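J.: The following block contains the structure, expressed as structure tokens.
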Amino acid sequence: MPTSEPTIKAVLAGRPVTREDVRAWETKRLRKAAAKIGLPVPSGDLTHARMAFADAKLDLEPDEIRRRLARDIRHADAVARTSTRLSRGRRVTSTCDLDVTGAGTAAEFLAWFNDTGRDDYARSMIAANPDHFLIDTAPDGRQEVIETTGGSPLATRFLIDYADTAEIITHRNPDFPLDASGVARTGTGLAIGGVRHEFRDHTDGFHAHLCVEFPRLTMPTMVTQHRMHLACEFSNWITLAFTR
């Protein structure tokens, strides 16, 4: 297990983005997320603030998170239902590529990412992005997520089933042998999008091609902003997985 942070190079829609750019985005979003959930902005550097904010959200517990964001969730759910209906099954994608060196393999990362039984699972899932308010495993095995997606002004709630890929529009790329894919649904079961995250190893690490599907009529700014959301969360997850 590496003791120093891996090197992660992000490319968003063909444009290289530095780790400093991603961290600056995270710092800005932390302030907005703290205001939304009604918590103070932690002091200290970003590494400390990231984990302190995650702990503060975890201390609220799931029911309180749902209560504080209930209005957002209700409005976001209505928007998702409408945009899905008007999109008539068509999707638009938000993608991000990460080139990771100085780390382990893609399989090792996915084993860590999918291990819901590890002691730090909930904390690591929440800490990866300030816009993550709740990531929990529902009784039926699906993943419950409450987050602010991309540049949306609203927090949204959805459920991802990583065993359900039937309604994913994006086809598997045979050049990427590993993936984490699943359909995102509302609480009533409506498919509103999904994820197709694919991985392959290279000489000193691995390449992650990250893809989120939104209804076709989602505002373009949300789709664009979500690229940085992906860069932030997966860069932090990869760092947490391989740094001890």
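J.: Any idea which residue in segment 151-176 is surrounded by the most Cβ atoms within 10 Å (Cβ to Cβ), counting only those that are of a type in the set (Val, Ile, Thr) and part of a strand (DSSP E or B)?
T.: So in segment 151-176, the residues of a type in the set (Val, Ile, Thr) come out as 156, 160, 165, 168-170.
Now narrow it down to the ones that are part of a strand (DSSP E or B): 156, 160.
Working: Thr156: 22, Ile160: 20.
Per the criteria, the residue is Thr156.
J.: Do we have Ala52 as at pLDDT 95 or above and open to solvent by less than 60 Å² (accessible area, probe 1.4 Å) here?
T.: Against the criterion (at pLDDT 95 or above and open to solvent by less than 60 Å² (accessible area, probe 1.4 Å)), Ala52 qualifies.
J.: Right, another one. Collect the residues in segment 26-49 that are open to solvent by less than 30 Å² (accessible area, probe 1.4 Å) and touching a residue at least 40 places away in the same chain (Cβ under 8 Å), keeping them in residue-number order.
T.: Those that are open to solvent by less than 30 Å² (accessible area, probe 1.4 Å) and touching a residue at least 40 places away in the same chain (Cβ under 8 Å): Glu26, Leu30, Ala33, Ala34, Ile37.
J.: Does segment 114-124 contain any residue that is among the hydrophobic types (A, V, I, L, M, F, W, C) and closer than 21 Å to Ala231 by Cβ?
T.: no
J.: Being open to solvent by 40 Å² or more (accessible area, probe 1.4 Å) and assigned to a strand (DSSP E or B) is the filter here; which residues of segment 177-213 pass it?
T.: Residues satisfying the conditions are Leu178, Asp179, Arg185, Arg200, Asp201, His202, His209.
J.: Go over the candidates Ser83, Ser94 one by one and state the one that is under 24 Å from Glu144 (Cα atoms), open to solvent by less than 60 Å² (accessible area, probe 1.4 Å) and touching a His at 6+ places or on another chain (Cβ under 7 Å).
T.: Ser94
J.: Let me ask something else. Could you figure out which of (1) in a helix (DSSP H, G or I); (2) over 18 Å from the mean Cα position of the chain (by Cα) isn't true of Lys28?
T.: Just one mismatch for Lys28, condition (2).
J.: Which residue out of Thr137, Thr148, Thr101 is open to solvent by 20 Å² or more (accessible area, probe 1.4 Å), β-branched (Val, Ile, Thr), within 20 Å of the chain's Cα centre (by Cα) and under 28 Å from Ala52 (Cα atoms)?
T.: Unique residue meeting the criteria: Thr137.
J.: Going by the structure shown, is Thr218 β-branched (Val, Ile, Thr), in a strand (DSSP E or B), touching a residue at least 24 places away in the same chain (Cβ under 8 Å) and crowded, with 18+ Cβ neighbours inside 10 Å?
T.: Judged against the criteria, Thr218 is not a match.
J.: Let me ask something else. With respect to Thr7, is the statement that it is over 17 Å from the mean Cα position of the chain (by Cα), at pLDDT 95 or above and under 25 Å from His207 (Cβ atoms) true?
T.: Yes: the conditions hold for Thr7.
J.: For segment 112-128, name all the residues that are aliphatic (A, V, I, L, M) and either surrounded by fewer than 13 Cβ atoms within 10 Å (Cβ to Cβ) or outside any helix (DSSP H, G or I) (or both).
T.: Ala128
J.: Is it the case that His75 is modelled with pLDDT of 95 or more, in contact with a Pro (Cβ under 8 Å, 6 or more places away or on another chain) and either in a helix (DSSP H, G or I) or open to solvent by less than 30 Å² (accessible area, probe 1.4 Å) (or both)?
T.: no
J.: Find all pairs meeting these conditions: Cβ atoms under 6 angstrom apart; at least six residues apart or on different chains; first residue within segment 232-243 and under 14 Å from Asp21 (Cα atoms); second residue open to solvent by 10 Å² or more (accessible area, probe 1.4 Å).
T.: If the second residue must be open to solvent by 10 Å² or more (accessible area, probe 1.4 Å), the pairs left are Ser235/Ile8.
The values are calculated or read from the model by the stated rules, or taken from the named source; none is laboratory data. Everything numeric here is computed off the predicted structure, so don't read it as measured data. Backbone-built Cβ (ideal geometry, glycine too); neighbour counts: all protein chains shown. Protein only, heavy atoms only, side chains kept; ligands, DNA and RNA dropped before computing areas. Shrake-Rupley method; radii C 1.70, N 1.55, O 1.52, S 1.80 Å.
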